[in-house]
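To keep things clear, I will list the structure first and then write my remarks on it.
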Amino acid sequence: MLLEVTLSGVTLGGMYALVAMGLTLQYGVARIMNLSYGELLIAAAFAALWFYSGLALSPLLGLLVVPPLAFALSYAIYRILLQPLVRRAKTRDALEVDSILATFGLLFVIQGVMLAAFGGAYYSYSFLSIPLHIAGATVAANRLLALVLAVVIGLGLYLALTRTRLGTAVRAVAVDPVAAQLVAIDVRTASALAFALGGALVAAAGVLVSMFLTFNANLGVVFTLKALVVVIMGGVGNLLGALIAGLVLGLVENYVAVFVDPGLTLAATYAIFLLVLLVRPQGLLGRSSR
Amino acid sequence: MLEVAHLSVQYGRHRAVDDVGLKVGAGEIVVVLGANGAGKSSVLKAVAGLQRPGTGTRVTLGARELVGLPAHAIVEAGLALVPEGRGIFGELTVRENLLLGAFARRARADEDRNRARVLALFPRLAERLEQTARTMSGGEQQMVAIGRALMSAPEFLLLDEPSLGLSPLLCGELFRALKRIRDDGISVLLVEQNAKRSLAIADRGYLIENGRVVGEGRAADLARDPAVQRAYLGGARQG
């Protein structure tokens, strides 16, 4: 029982971690606080659903197609909608306020389109819902697959950001955008790419989530909030922190839901969030200064 | 040849730099001397593309006009700035700082050779490649900043008060390193308050007051000039 709950908690935590890593890229590098972030996750989930039930194609194929589309869409959103805000913002705080307002509007646009297309009903599809027996525990194959894919994507991104020159350049923009220009990094382009990459990540998470969770057109904001909580808990801009915080949150939510009361899940989420903020306001792996 | 003409910088109503002209020839060390707030930093920022200069400003590197280019393109053109306060990536390691120094396309071909040169120039960095830059001492951070700038294979190296906050011992080390950089074929333009040390290694110098050039000449002549001695070399202010 404990193992089962743990495995399913880790799966959920893996999703949170992936979503938080994407938001870290958008907020930490491109400096955009994107409130429409979770909507892209739900849009990707609907796309995967359409792939599966409409076109009879595997969601795994969706995983190859949907994130690149989300990358292109996010890139366009950044260049058209957000770059003018970046250009006119005098300070980082001003950009934050502007981007919150703009993406708040975007949230309703994307949500409205999805509501018009799918209504408010809950959707799910049955893909690989085969029970697997691991060390006495029973896990659905789709959950396990989602977890494995999340680990692969998250690890791949982490290595790309820490082991390559381009990835290091992306982190450098997050650390100091002025100094980044002095080593010939085109900060505007790097920001657009980071924003787009964040969009691709959350879309990948959306496809994975759709494999084992029911979802509806209103659920985006839940994921945006979870991503925010995880990013702040892990330490803003810290990829490893987002990973750990995401796993912790997924585990705690599942433990509370199963062993205490499902109604207290959200309360538990914000209880740990508050606890972390009280004890380490800078986040689990964040730095205290700045 | 780096040539700056009619450079002006305006912050709101305040004119920080007014009609400044200066030249740095190939293989030269040129120092710009001036008190705090004289406009020295603004000159370097405008040249490096971090600060938009006023109309009429001309900055040419060889035959290339630099005014209007974004800062990252100016690095590609062959000009590297070590900014005031060093501007290193504090969260990243020394190795990563140097890796990013060679982010410019112009730097890729000679990257290994340049890294070897930087590590020979600052052996301390070779011992501390995996250290997070912000945990290093001020002198070491200055080495990272200069090393990172050299990794971009510049023709011209610009430094904004590199000796600020360094002990006299480290200062000596720094200025010796600048001389070696010049001897390696990279021209150096630095702004400084430490007149004595910088004039000792420089070929030529400019004096800036209230955003205007008020004097220029060979470094040796400037060091002997009574007016310069009074303003920049006098009394207990200089070590």
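The values are calculated or read from the model by the stated rules, or taken from the named source; none is laboratory data. Fair warning: this is a prediction, and the values are worked out from it, not measured in the lab. With ideal geometry, Cβ positions are generated from the backbone for all residues, glycine too; neighbour counts draw on all protein chains shown.
So that you can scan it fast, the table gives a plain yes or no per residue for (1) within 24 Å of B:Leu169 (Cα to Cα); (2) touching a Pro at 6+ places or on another chain (Cβ under 6 Å); (3) at pLDDT below 95:
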| site | (1), (2), (3) |
| --- | --- |
| B:Ala200 | yes, no, yes |
| B:Ala220 | yes, no, yes |
| B:Ala227 | no, no, yes |
| B:Gly239 | yes, yes, yes |
How about the stretch B:169-215: which of its residues are surrounded by fewer than 18 Cβ atoms within 10 Å (Cβ to Cβ) and in a strand (DSSP E or B)? B:Glu209, B:Arg212, B:Val214, B:Gly215
Scanning the stretch B:45-83 residue by residue, the ones that are touching a residue at least 60 places away in the same chain (Cβ under 8 Å) and more than 11 Å from chain A (Cβ to nearest Cβ) total 3
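Residues to consider are A:Tyr27, A:Tyr37; find the one that is within 19 Å of the chain's Cα centre (by Cα), farther than 22 Å from A:Ala217 by Cα and in contact (Cβ under 8 Å) with a residue 60 or more places away in the chain. First the steps, then the outcome.
Working: A:Tyr37 fails: farther than 22 Å from A:Ala217 by Cα.
On inspection, the qualifying residue turns out to be A:Tyr27.
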Could you tell me whether B:Val32 is surrounded by 23 or more Cβ atoms within 10 Å (Cβ to Cβ), closer than 21 Å to B:Arg204 by Cα and in contact (Cβ under 8 Å) with a residue 40 or more places away in the chain? yes
At least 2 residues that are modelled with pLDDT under 90 and not polar (S, T, N, Q) in each: list the helices (runs of 4 or more DSSP H) lying fully within the stretch A:151-236 that qualify. A:165-175, A:220-234
So, in the stretch A:173-223, of the ones that are within 14 Å of chain B (Cβ to nearest Cβ) and not hydrophobic (A, V, I, L, M, F, W, C), which residue ends up farthest from the chain's Cα centre (by Cα)? A:Gln181
Collect the residues in the stretch B:105-150 that are away from chain A (no Cβ under 11 Å), touching an Asp or Glu at 6+ places or on another chain (Cβ under 9 Å) and not hydrophobic (A, V, I, L, M, F, W, C), keeping them in residue-number order. B:Arg117, B:Arg124, B:Arg128, B:Gln131, B:Gly139
Any residue in the stretch B:123-132 that is more than 17 Å from B:Val24 (Cα to Cα), in contact with a strand residue (DSSP E or B) (Cβ under 6 Å, 6 or more places away or on another chain) and acidic (Asp, Glu)? yes
Picking from B:Leu7, B:Leu44, B:Leu50, B:Leu33, the residue that is part of a loop (DSSP other than H, G, I, E, B) and of a type in the set (A, V, I, L, M) would be B:Leu50
For the stretch B:168-196, what are the residues that are among the polar types (S, T, N, Q) and at pLDDT 90 or above? B:Ser187
Please find, among B:Val191, B:Val228, the residue that is in contact (Cβ under 8 Å) with a residue 12 or more places away in the chain and more than 15 Å from the chain's Cα centre (by Cα). B:Val228
Working only within the stretch B:189-217, note down all residues that are under 18 Å from B:Ser8 (Cα atoms) and basic (Lys, Arg). B:Arg212
A:Gly234 passes all but one of (1) crowded, with 24+ Cβ neighbours inside 10 Å; (2) more than 16 Å from A:Gly154 (Cβ to Cβ); (3) away from chain B (no Cβ under 14 Å); which number fails? (2)
Given the conditions (1) of a type in the set (A, V, I, L, M); (2) over 14 Å from A:Leu201 (Cβ atoms); (3) surrounded by fewer than 17 Cβ atoms within 10 Å (Cβ to Cβ), and given that A:Leu69 satisfies all but one, which numbered condition is not satisfied? (2)
Which number in (1) crowded, with 23+ Cβ neighbours inside 10 Å; (2) at pLDDT 90 or above; (3) within 14 Å of chain B (Cβ to nearest Cβ) marks the one condition that A:Gly241 misses? (2)
Residues of the stretch A:87-114 being surrounded by fewer than 17 Cβ atoms within 10 Å (Cβ to Cβ) and modelled with pLDDT of 90 or more, which ones? A:Ile100, A:Leu101, A:Phe104, A:Gly105, A:Phe108, A:Val109, A:Gly112, A:Val113
From the list B:Arg148, B:Arg113, pick out the single residue that is farther than 20 Å from B:Leu169 by Cα and crowded, with 23+ Cβ neighbours inside 10 Å. B:Arg148
Under 19 Å from B:Ile208 (Cβ atoms) and among the acidic types (Asp, Glu): which single residue out of B:Glu96, B:Glu84, B:Glu65 fits that description? B:Glu84
In the stretch B:84-104, residue nearest to the other protein chains (Cβ to nearest Cβ) [restricted to those that are in a loop (DSSP other than H, G, I, E, B) and more than 30 Å from B:Leu7 (Cβ to Cβ)]: B:Glu91
